[in-house]
Amino acid sequence: MAPTPGGKHRTRVHVVSDVHGNARDLARAGEGADALICLGDLVLFLDYADHSRGIFPDLFGTGNADRIVELRTARRFEEAREFQRRLWAGIGTDRAAAIEKAVRKQYAELFAAFPTPTYATYGNVDMPPLWHEYAGPGTTVLDGERVEIGGRTFGFVGGGLRTPMRTPYEISDEEYAAKIEAVGEVDVLCTHIPPEVPELVYDTVARRFERGSRALLDAIRRTRPRYALFGHVHQPLVRRMRIGATECVNVGHFAGSGRPWALEW
């Protein structure tokens, strides 16, 4: 906590989301802050801006990554799944084991980059069962839970809702709503996905609506936190808007920007 001219101490928290393999900038993300908050998506399966990066091109090559991006962007999800099935059959490798090995390699580097203290929750592409193996004593993992930072209460809800993409940590609307309910009233509500508001869930580059949460939107209206912080949508139509008493902020696509969003009080 930094002293102010009047002698009082202020608290500064840096917030990141959608890290997607950017360990270099993550190692510096907590500089000048009392704590770092991470809203998930540590893993990089496939970089839609650079198809040579991520687990998918490492396993199958950049040409096949180009094709899978083309199919997904065109929303031809069943064709994309069939294409992936053929790729896996062609290399004769156990899919789950190969992915887990690649994810473990990324997690070892990324969790080592977290400063102390870090408070983190899962994104939809993360693998929650592995996190507690890599989270050191300075990293607190929260999902449907609360913590106090600098006298304010922060609530955390991780994961995403089910989509045709079938990413690793997608859960039902009912399970997600139960975690929102468990968090209750907080000063700052931290989630991976945004509330279900068209301007906040539309990705202007992917040209599609991502899934936001109606339960999250209802909780914001009902409990009126000071802030609702989230990521997930990399290039949103609107990054910041007010819903009643709550300032809703997409903290940014950290993999692309390398810069955390700062909250100070």
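The values are calculated or read from the model by the stated rules, or taken from the named source; none is laboratory data. Just so we're clear, the structure is a prediction, and the values are computed from it rather than from any experiment. As a convention, Cβ positions derive from the backbone with ideal geometry for all residues, glycine included, and neighbour counts pool all protein chains shown. Quick note on the areas: whole protein, heavy atoms, side chains included, nothing else; ligands and nucleic acids left out. Shrake-Rupley method; radii C 1.70, N 1.55, O 1.52, S 1.80 Å.
Taken over region 88-122, the criterion of being over 23 Å from the mean Cα position of the chain (by Cα) and either among the polar types (S, T, N, Q) or not in a helix (DSSP H, G or I) (or both) is satisfied by Gly92, Thr93, Asp94.
Scanning region 147-172 for residues that are in contact (Cβ under 8 Å) with a residue 12 or more places away in the chain and within 14 Å of Ile37 (Cα to Cα) yields Val147, Ile149, Gly150, Arg152, Thr153, Phe154, Gly155, Phe156, Val157, Gly158. Can you pull out every residue in region 22-56 that is out of contact with any helix residue (DSSP H, G or I) (no Cβ under 8 Å at 6 or more places or on another chain), open to solvent by less than 10 Å² (accessible area, probe 1.4 Å) and aliphatic (A, V, I, L, M)? Residues satisfying the conditions are Ala35, Leu36, Ile37, Leu39. Filter region 120-162 down to residues that are over 14 Å from Val19 (Cβ atoms) and buried (at least 22 other Cβ atoms within 10 Å of the Cβ), then give me how many there are. The number of residues fulfilling the criteria is 6. Evaluating Ala215 against the criteria (1) under 28 Å from Leu44 (Cβ atoms); (2) open to solvent by 10 Å² or more (accessible area, probe 1.4 Å) leaves one unmet condition, (1). Report whether or not Val205 is crowded, with 23+ Cβ neighbours inside 10 Å and either more than 20 Å from Asp18 (Cβ to Cβ) or at pLDDT below 95 (or both). Taking the combined requirement at face value, the residue does not satisfy it.
Figure legend. Inter-residue proximity from region 59-81: first residues over 28 Å from Lys105 (Cα atoms), second residues open to solvent by 50 Å² or more (accessible area, probe 1.4 Å) and in a helix (DSSP H, G or I), beta-carbon distance below 9 Å, spacing 6+ or different chains. Indicated pairs: Arg76/Glu70. For region 163-190, a residue qualifies if it is under 28 Å from Val103 (Cβ atoms), part of a loop (DSSP other than H, G, I, E, B) and either open to solvent by 60 Å² or more (accessible area, probe 1.4 Å) or in contact with a strand residue (DSSP E or B) (Cβ under 8 Å, 6 or more places away or on another chain) (or both), and the qualifying residues are Thr163, Pro164, Arg166, Thr167, Pro168, Tyr169, Ser172. Once region 223-265 is narrowed to residues that are in a helix (DSSP H, G or I) and hydrophobic (A, V, I, L, M, F, W, C), the residue that is most open to solvent (accessible area, probe 1.4 Å) is Ala255.
Residues Ile220, Ile193: which one is among the β-branched types (Val, Ile, Thr), surrounded by 20 or more Cβ atoms within 10 Å (Cβ to Cβ) and not in a helix (DSSP H, G or I)? Quick ask: steps written out before the conclusion?
On the way: Ile220 fails: not in a helix (DSSP H, G or I).
Among Ile220, Ile193, only Ile193 is among the β-branched types (Val, Ile, Thr), surrounded by 20 or more Cβ atoms within 10 Å (Cβ to Cβ) and not in a helix (DSSP H, G or I).
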